[in-house]
1. For segment 148-162, state whether one or more residues are more than 30 Å from residue 211 (Cα to Cα), touching a residue at least 60 places away in the same chain (Cβ under 8 Å), in a loop (DSSP other than H, G, I, E, B) and under 28 Å from the mean Cα position of the chain (by Cα).
2. Please list, ordered by first then second residue, the pairs with beta carbon atoms under 7 Å, 6 or more apart or interchain, first in segment 179-199 and without any contact (Cβ under 8 Å) to a residue 40 or more places away in the chain and at negative phi, second buried (at least 24 other Cβ atoms within 10 Å of the Cβ) and outside any loop (DSSP other than H, G, I, E, B).
3. Checking residue 170 against (1) closer than 21 Å to residue 287 by Cα; (2) touching a strand residue (DSSP E or B) at 6+ places or on another chain (Cβ under 7 Å); (3) in a loop (DSSP other than H, G, I, E, B), which test does it fail?
4. Identify, by number, the condition in (1) surrounded by 13 or more Cβ atoms within 10 Å (Cβ to Cβ); (2) touching a helix residue (DSSP H, G or I) at 6+ places or on another chain (Cβ under 8 Å); (3) at pLDDT below 85 that residue 14 doesn't meet.
5. Taking residue 183 and the conditions (1) in contact with a strand residue (DSSP E or B) (Cβ under 6 Å, 6 or more places away or on another chain); (2) surrounded by fewer than 19 Cβ atoms within 10 Å (Cβ to Cβ); (3) assigned to a loop (DSSP other than H, G, I, E, B), which numbered condition does it fall short on, given that it satisfies the others?
6. Answer yes or no as to whether residue 281 is surrounded by fewer than 13 Cβ atoms within 10 Å (Cβ to Cβ), assigned to a helix (DSSP H, G or I) and at pLDDT 90 or above.
7. Looking at (1) surrounded by 15 or more Cβ atoms within 10 Å (Cβ to Cβ); (2) modelled with pLDDT under 75; (3) in a loop (DSSP other than H, G, I, E, B), can you tell me which one residue 325 breaks?
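The values are calculated or read from the model by the stated rules, or taken from the named source; none is laboratory data. Owing to the predicted nature of the structure, the values given are computational and were not obtained by experimental measurement. As a convention, Cβ positions derive from the backbone with ideal geometry for all residues, glycine included, and neighbour counts pool all protein chains shown.
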């Protein structure tokens, strides 16, 4: 099995994992949990107790409580990409007479992304506390579909404002809760959704720009080498013209680190581009990931079929029920980038 076949198998496995994660995201019972429990049960008799405790402790720290591990991993991967780009690609691009302006764009995007990344980490997402819960109860109306008045959080012992949810990782209720992001070690809520959205777009722009510059450099390298007009002797001793596969293998052998970086950036770009478009869509319709997950397959308790058709209520149109908080694109975006503040009662 040659290198290209192995690489294709690797990409196929990764894409399959992504599809499965997207399909079963937001669900409590998934094939992943069942598979993990089966593997743990089978290996338990032959696995030392200390190793079982270590694996359980590691998984718990990574995904069930706040940890900076993914922040450090994010910085490490980003540093590796920029080091390779600066060390090799930048010099090749200068030899191709690319302007410093175009080559400085990735570094400008890095500065912008770093600021947004920092704000995502440090900005309070909209924590519900005893001091502000009275005001936050009036920020959003209850849709009486996903959010109902008078419901208390069993952990925080506070009335739950509309669009809020208790985060088990941060152990707090968050207003307009979207999700907990391990990459920023923080919840995404009412007060930092705009930073998170801009952060995703900036990372996509970074990956796309560096990928374009790197791809342009490799294309010029191929054209200058004249390999497209070259030929080689195959296994049967016959002369063959260099085709696309031959060119790709040549690039892998000549620029292995650059080609690997390009593949990684292309993969990251398409992965984050899809995720970013999903969050742009949510912003345009004023919906959160949490609300989107809950709305899938939702059936109104009052609209289920009954023995007497006349007893069933007349449900509102699906669009109005699902996008209860949508007030139009401009108003929705205004709410995202200028989040409403808790109502404060005036002192007499």
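1. no
2. Note: pairs meeting the criteria are 180/187.
3. (1)
4. That leaves (1) as the condition not met.
5. Only one criterion in (1) in contact with a strand residue (DSSP E or B) (Cβ under 6 Å, 6 or more places away or on another chain); (2) surrounded by fewer than 19 Cβ atoms within 10 Å (Cβ to Cβ); (3) assigned to a loop (DSSP other than H, G, I, E, B) is unmet by residue 183, namely (1).
6. Criteria met by residue 281.
7. Only one criterion in (1) surrounded by 15 or more Cβ atoms within 10 Å (Cβ to Cβ); (2) modelled with pLDDT under 75; (3) in a loop (DSSP other than H, G, I, E, B) is unmet by residue 325, namely (2).
Quick grid of which residues meet (1) touching a strand residue (DSSP E or B) at 6+ places or on another chain (Cβ under 9 Å); (2) closer than 30 Å to residue 278 by Cα; (3) in a helix (DSSP H, G or I); (4) at pLDDT 95 or above:
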residue: 206; (1), (2), (3), (4): no, yes, yes, yes
residue: 209; (1), (2), (3), (4): no, yes, yes, yes
residue: 216; (1), (2), (3), (4): no, yes, yes, no
residue: 220; (1), (2), (3), (4): no, no, yes, no
residue: 240; (1), (2), (3), (4): yes, no, no, no
